[in-house]
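See structure below.
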Amino acid sequence: MNEEECWQLMTDFRIMLILFLFSFRYVSLLNDFVESEFFVIDGDSLLLKYLCKKRQYLPFFYLVECFLLDFTQKGAKYVIVFFKDVEQMYFSYPIFLFHRTALIQHLKCNTDIVIHTEFSNCFSPEWQIFLKESYPYFVITSDIGLTALQEDYLHIFIAHTLSKKINVVLTSGQESDALRIYGYYVQNAYKHRSFFQQVNCNTSSLWILNRKNVPFISLAELKTTKSKSLRHLWPEGSDIRCIVCVLTCTVGLKMYSNMLKNAKVSEETKKQLTKNFTLTLEEATDLCRMQCLTVVFLLHLPLSQRARIRIINSCWTKQVLPFIIMQQHCAYFVLKQLNDESDWQLDLTHLPDLRDNSLLKNLSHYYEIEYCSGLNLELGKKMKSEYQYLWNTVTKLAASCDFGDAFPVRTTLQLFLEQKQMLFKEPKEEIPSIGLIPVKSDLVEDYAGAVLTDLPILSSNDPAVTSLNKQTEFDELRHWHSGKPLSDDYDRTKCSNDAKSKGPKERRGIQKLQSYYRLYGTSLEGNISKTIVTQVDVPLVPTSTKAAKSKAEIIAEENQKRLEAKEEKKEQEQWSALSVSIEREIKENFTCGINRLENFLKTCQSNSVKFTAEMAGLNVCLEVWKEHCRNQGKNARDLSIAVQVMRRIHILLEKHQELLKKSHVQKLSRCLKYLGFENLACSLSRQIIESDNEKIAKYTTEMGAARFQLQYMGCYLFREERKDPDPRVQHFIPDTWQRELLDVVDSNESAVIVAPTSSGKTYASYYCMEKVLKESNEGVVVYVSPTKALVNQVMGTIYNRFTKTLPHGLVVGGTFTRDYRHDTFNCQILVTVPQCLEILLLSPHRQDWVKRIRYVIFDEVHCLGGEIGAEVWEHLLVMIRCPFLALSATISNPEHLTEWLQSVKRYWQLAESTIEENPGSSTTAKKCTRKQKLQKTKKSYSVRLVLHGERYNDLEKYVCSLKDNDFVIDHYHPCAALTVSHIEKYGIPSDIAFSPRESIHLYDMMAKVWEEWPRLQELDPEEFTSFKNKIVITKADAKNYEQELKKELINWIILGQREKVTKNVRSVNKILIQYNFEILIYEMILHWNEKQHLKKRLEKLTKVPPDSTYANSKAVDKETLMEIFHRIRFQRKSFQLRMLAQKGIGYHHASMAYKERQVVEMLFRMGYIRVVTATGSLALGINMPCKSVVFSEDSVFLDALNYRQMSGRAGRRGQDMIGSVFFYDIPLPKVEKLIKSNVPQLKGQFPLSISLVLRLMLLAAKADDQADARAKVLSVLKHSLLSFKEPRNTEMLKIYFIFSLQFLVKEGYLDQEGNPMGFTGLVTHLHYHEPSNFVIVSFLVKGLFHKLCQPVENGEVEGSQSVEEPGSTIAHSLPEPAMEPQIPESHHSFAVSKFCETHRQSVYFTHKECDNSELTSHLMNSTKSIASVSPFTCLSGTVDQDLFDAENAVLRTIGVNVKNAPLCWLEKYDNQGRRMPLNAYALDFFKHGSLIALTTDNWYFLVIAFKVWFTSLNLSLLVKLCKASCPIYSLPCSQLLIQSLPYCHAASQI
């Protein structure tokens, strides 16, 4: 391919990348793979991120280290790769080339980061092998290069990475907060692989890399300079700065001298030299002397002293620049050669500080201006001698060249710095008086008083105080959008018909809703309705004392016994009628017969009948087994028949032990002997009738009893279940840990409950509801659900479980979501979402209802660690005063969470005692809004942790793949996901569990790998203590065996058997695959013996008839099915959903209407729909258990948390013996990471926002109960999970709180006493739209909507010209910069100053300041203000005044994400100091009002149209907003609404 074709290909390639490939989304990068995730950072992209011509050398390294340190501190695992061929792209930029070389060596030698430099380019075979073996989760790279050529290469690199099934993250746009790092991420997909195969990117990339631009210098001079004498001058351990400086000066001067003096060059070359090199040799020598002197300063001056250096704006003259560029090339080659000297050990600690351009300019200015003017300052004795030594070394190495002595430093008068510009940087306007606007509030003093004492406060007559906006006090009497008496956000939510509705239409609506809830609940649990009767006294714990039975009770017991006897007789007759047919069917079709027997046993209640049926089943199964063995002879046998024989023995011994007689025991012993388990037969009955052993031998399973049970009966092993019923539970016998939950509720305690999915932890929630319903008609239980879908599910369960007769207007259950509500305050069980409960808790006038809450149940409390809305969960947990239950299946640090919650409860214990001691502080102490008083209950402030880690059913994993056009399913052993390094660092994850057969195969592999294993005999299944001679091996026994194997695997590493462990975990999967294949073939041979017949049968089965369906028509009767479908008759997708459902197929995702989701959920639970395709919408508590879960295709959202939530649905308790998880089209390394990665730790989120601070201040000021409100506000502020045991985070939150207060006071939302003012109500109502809520109020105050609503003339809106003024369009479509809410100017400096010390490096830049040099004192005697600036940043000329232009300097300094402040910056800059373009979509739309034209002009932003459509759902809210603010304008409300709505809505949503 020639050059022209390559250029054309690259042009097409760029267009395709923009249109087709790079659909980036902004996500959290690390997610939950903290333990095991591994990614790659492209070193050159990291270099490009921080390269800037204005940035000094040391600050560049500092920024790179900060970037990497941020990843490291958040637990990231990464390596950095520098490709060899990319180096040539920097030859036109020698300073960057030097930076690159130094950075590589610095990271290699001075950090623990793994650096790879052995790969030529991304197409090299070595790189392909690296990707295949390590499989990084993503590659961080840049999409912007120094040149168009490098940019093309980066695009090819991105496309190539995606084609290898590896995701890509951009370096640009990354942001971080205290917990997470966010960036632009693209998920690899099939389209990337197909695109890369179609485009010949390999040729293009190699063409780009072969376009070399080699500098004009050679290594000849450097090679001649290298000599053994150099090592004599600097022994090993010498400072790299001295050596690089001397060698660079020596090589540079010798090359420069040779080029100027070489008489043999051509005339053309002479002209070129004259044109480019106008410095004489003496002038070049002067510059080199100053470079040596600069290094001496670096050796002696600490960073704090260097930060005070004068800021020089002048640039190098055109005469000097060519020589400096040549020196940069020389420095690069010198450093590269030194790196190759592996046997010369130098001190590379100061690689990031090899040069200081600012210091060199200051020295140049001094010697060419000040020194020549008569200012002669002493250098200092020590510095002078070191400089003398450096220069003497240069002259000694130069040998044949005479470059003069060290002094004087300047021998020529040539100016090196331009004099046209202002020489020194003058400070901008003076920094305003630093201080805070005084806020006199006891609440503020209590929380942040310690911080405020260290900060300056402005006087009352300061201009910043006197110029504050004066607003009227906020005291709304009427609601802002309806004109009704004041309430809160609750009233804005659409109200469905509730119990107080009086109209017949509303009452019919209530009846329909309740009827549907009961139907929905029946699909969840069946009909288990219970009538609740209010009890005067509810015992806290079940009493063990038995009172004397009354006559009525005795009669009732006798009647019950007669009914049971009658039922038993009926079941006996039923078995007599069915037994013959069941036995015959077992003989004819074993599987169907056994299923029929199992179905009968499930419906049977009598133990005696069950015993009879089991004995009959044992006899017929033994006969079938014997017949099967006789027919098979020496061929492979179907062990599933033997499994059923052994299973019947297990059931008889475990469940019917008391009914067994001697003859029965002998029968069981004989069966065991027939199976070949002689040892078990002897242990069961020692009086066995002698029989012909040779005849019996042909019926044996030919393996030990323990191995047989583990390998083939794992799913049938008995769990250890309690047999003593609990009087508090009717439908089942609870386990020990479940009884502990019931005790927690009875004692009114709080609890954190961590148990696997489908383990039964939710039962405690409904027991809690029942307890509160029995106590009174006033108490309330609040069930907090993470999603609206789960709200509907819980409501269905409540209506199905509980029936209670209540006074008119009260109901059992009510809901409150952002979309609808009903019976919110009329119910005893409120099911809601976190945001809505927060609205009620923070509402000043809803505190009477809040005091009725007796319990709060938090389902899926691990949402506390989510990215969106997590802070709301935290607010709820710290604000509630009542006990709570926090449920989750996936928390890795429950102890930490419990400890935090216990600290919150201790706070409330102290706060409530204080409130009780001062009852006068409560303004509502004497109010009684209800006729019936709430029953007082004993308060408990303890938080109990209840852990249960074992699933009821085992999960087995399978990997699906296509091999040679065949669909292959391979079993995947969990141990195969582990590596030796992972086990050493983290151990074996606690939630990695083996099924019994997986434990057996792990043992087999360990025995095979290490034949001399010391515990080989001890851990043999037949010799293991828990298994030896045991007839009924339980699940607990298998777990003990599993734990022993895990301990032994870890012990192998301790004993130094790393290679054996590695071989073991790599090989165990192969055995399981082989085993699974054998079992599969074995089961096939059961029905078909010949291969050809099997193929014909398979072809017949794979043909899909047109009327085929997965639907189970027997699961749901026709009437119920029609009733369910009737629910979605008006839905847009109802026909499609119904057609698919009739085929037994459904789909489930968040964009579906909730009625559609409910239909799919109900039909799936009923068994009508058999297959459901879903997104992560099923990951949060939706009750849709299934037999198998299939993960198809990789996704950024498929992390450890979602994997465990979704896979936990597999294996229905009571229906499936084992659960299966399948991975399809997911790379095997990703599967390994999903299995071995731990679930995320709950560390909290940033808990505050400016809107929240305003809401808290509003609650404290306007609540009916001031003491209670104050306690809640302080609880939210003081007890953040983020700051728990983290003093620095506590300090950060206090600073942010002060920042928020200053903003609110400055903008007129609070007065100086902390009372709400002005538009506080409007801002707090729109708190979920922050920062848009502050912006919209600013628009209203400044009159923007009034301008927009001027009468329309000639098709144009008046005032549009003013909007089009330069600078009027800013980021995020916010017009008019003057309307940007501003923070107080004085607020910037103090926060930065307070925290800047924590960001300064203190490794080797903090030695004693140099005070014995006059020249040093002169150069560093700057008057610039740098109290708030890091000394690293000072080297680039940044001063305190520059912080006022820096984007969110305050928040970035203290570690707060910039999204937590409602600030918009008109001038945005990237890391290289380039101004970033801002969009003008809002302005364009305002000018022409056409969405079509907008998307046509911005063709790659077509998605805007969809965003506008989606956000139009909030149209009604905007209407209310305009109506609320109409009194401040002269236009009528309707006119303002109609005219301003189109512009305002488009501007706020695009």
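Over all Cα atoms in segment 694-738, the spread is summed up by Rg and Dmax: 18.3, 56 Å. The string of couplings for segment 1167-1180 from the Karplus curve (6.51, -1.76, 1.60, θ = phi - 60°) is x, 6, 7, 10, 10, 10, 9, 9, 9, x, 5, 8, 7, 10 Hz, one whole number per residue in order, with x for Gly and Pro. Within the accessible area of segment 332-416, the carbon and sulfur atoms contribute 50%, probe 1.4 Å, all protein chains present. Placing dummy labels 7 Å off each Cα toward the beta-carbon, the span from Asp1225 to Ala148 is 3.8 nm.
Cα-Cα over 19 Å: which of Lys761/Lys1243; Lys74/Lys957; Lys851/Lys938; Lys1047/Lys1230? In this structure, Lys761/Lys1243; Lys74/Lys957; Lys1047/Lys1230 lie more than 19 Å apart at Cα. For Leu458, the residues whose modelled amide H falls within less than 5 Å of its own, excluding neighbours fewer than 5 places apart on the same chain, are Leu436, Ile437. Placing a pseudo-label 7 Å from each Cα along the Cα-to-Cβ vector at Asn619 and Ala1153 gives an inter-label distance of 6.0 nm. Sequence-ordered 3J(HN,Hα) estimates for segment 1429-1442 from the Karplus curve with 6.51, -1.76 and 1.60 and θ = phi - 60° stand at 10, 4, x, 5, 6, 4, 4, 8, x, 7, 10, 4, 4, 5 Hz, glycine and proline given as x. The slack between Asn607 and Leu910, meaning 0.36 nm per residue of separation minus the straight C-alpha distance, is 103.5 nm. Residues whose amide H falls under 5 Å from that of Cys827, counting only those 5 or more places apart or on a different chain, are Val811, with hydrogens built in the peptide plane.
Shown is the FRET efficiency for Glu720 and Lys1143, computed with R0 = 41 Å from the Cβ-Cβ distance and rounded to the nearest 0.05: 0.45. You can think of it this way: the chain between Thr1290 and Lys54 has 441.3 nm of extra reach, that is 0.36 nm per residue less the Cα-Cα gap. Computed from label points 7 Å out along Cα-Cβ, the spacing between Phe1125 and Thr72 is 6.4 nm. Between the amide H of Glu956 and those of Gly1219, Ser1220, Val1221, distances stay under 5 Å, these residues lying 5 or more places away or on another chain, with hydrogens modeled in the peptide plane.
With R₀ fixed at 45 Å, the C-beta to C-beta distance from Thr805 to Gln657 puts the FRET efficiency at about 0.50. Using the Cβ-Cβ distance between Cys682 and Asn1040 with R0 set to 22 Å, the FRET efficiency works out to roughly 0.40.
Couplings 3J(HN,Hα) for segment 112-121, derived from phi with the Karplus relation 6.51 cos²θ - 1.76 cosθ + 1.60 (θ = phi - 60°), are 8, 6, 7, 10, 10, 10, 8, 8, 5, 7 Hz, where x marks Gly and Pro. Here segment 746-798 and segment 444-476 have alpha carbon centers that stand 45 Å from each other.
Quick note on segment 651-772: its Rg to Rh ratio, both from C-alpha atoms and Rh being the Kirkwood radius, is 1.19. The slack in the chain from Asp402 to Tyr986, taken as 0.36 nm per residue of separation less the alpha-carbon distance, amounts to 203.9 nm.
The values are calculated or read from the model by the stated rules, or taken from the named source; none is laboratory data. Because the structure is a prediction, the values reported are computed rather than measured. Cβ: placed from backbone, ideal geometry, glycine included. Neighbour counts: every protein chain shown. Note: accessible area is taken over every heavy atom of the protein model, side chains too, but ligands, DNA and RNA are not part of it. Shrake-Rupley method; radii C 1.70, N 1.55, O 1.52, S 1.80 Å.
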